[in-house]
1. Roughly what would the spin-label model give for Gln27 and Ala45, points 7 Å off Cα along C-beta, in nm?
2. Could you give the dipole magnitude of the chain about its Cα centre, charging the beta-carbon of Lys and Arg +1 and that of Asp and Glu -1, in debye to the nearest 20?
3. Using DSSP H assignments, which helices in the chain have an axial alpha-carbon span of 15 Å or above and a mean Kyte-Doolittle hydropathy of -0.5 or higher?
4. Rounded to the nearest 10 Å², what accessible area does Thr19 show when all protein chains are kept and the probe is 1.4 Å?
5. When the accessible area of the range 4-66 is computed with all protein chains present and a 1.4 Å probe, what percentage of it is carbon and sulfur?
6. At a probe size of 1.4 Å, how large is the accessible area of Tyr21, to the nearest 10 Å²?
7. Eight or more residues apart or on different chains, and alpha-carbon atoms under 23 Å: count the Lys pairs in the chain matching that.
8. How big is the chain by Rg and Dmax over its Cα atoms, in Å?
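The values are calculated or read from the model by the stated rules, or taken from the named source; none is laboratory data. The structure displayed is predicted, hence computed values, not measured ones. Don't worry about glycine lacking a Cβ; one is built from the backbone with ideal geometry, like all the others, and counts go over all protein chains shown. The area values use the complete protein model at the heavy-atom level, side chains included, leaving out ligands, DNA and RNA. Shrake-Rupley method; radii C 1.70, N 1.55, O 1.52, S 1.80 Å.
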Amino acid sequence: GLCPALEEDFTIFLDQSVTDYVNFIKQYKEDPATLKNAEKLKKCADNKFTEEDKESIKSLLKKIEASEAC
């Protein structure tokens, strides 16, 4: 399966605010360039992903988690 930090990252990225996501990333890497990039990435995703897109991503993650190969 996915490591817990990565699983949490996807959940926050897909379901929470830009601020929440940047604060999550800040736990692991606090340099300004990384945080600015995380903010840009999250804003872009929020503007581009539909709810259907998000549900498709979550479905894929569940399949990965359930796979015996993982």
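1. 1.5
2. 260
3. On the way: long enough: 4-15 (16 Å, 0.27); 32-48 (24 Å, -1.19); 51-66 (22 Å, -1.02).
Span-like helices here: 4-15.
4. 90
5. Carbon with sulfur: 54 percent of the solvent-accessible area.
6. Estimated to the nearest 10 Å², Tyr21 gives 20 Å².
7. Lysine pair count for the chain: 21.
8. Using the Cα atoms of the chain, the pair Rg, Dmax is 13.0, 39 Å.
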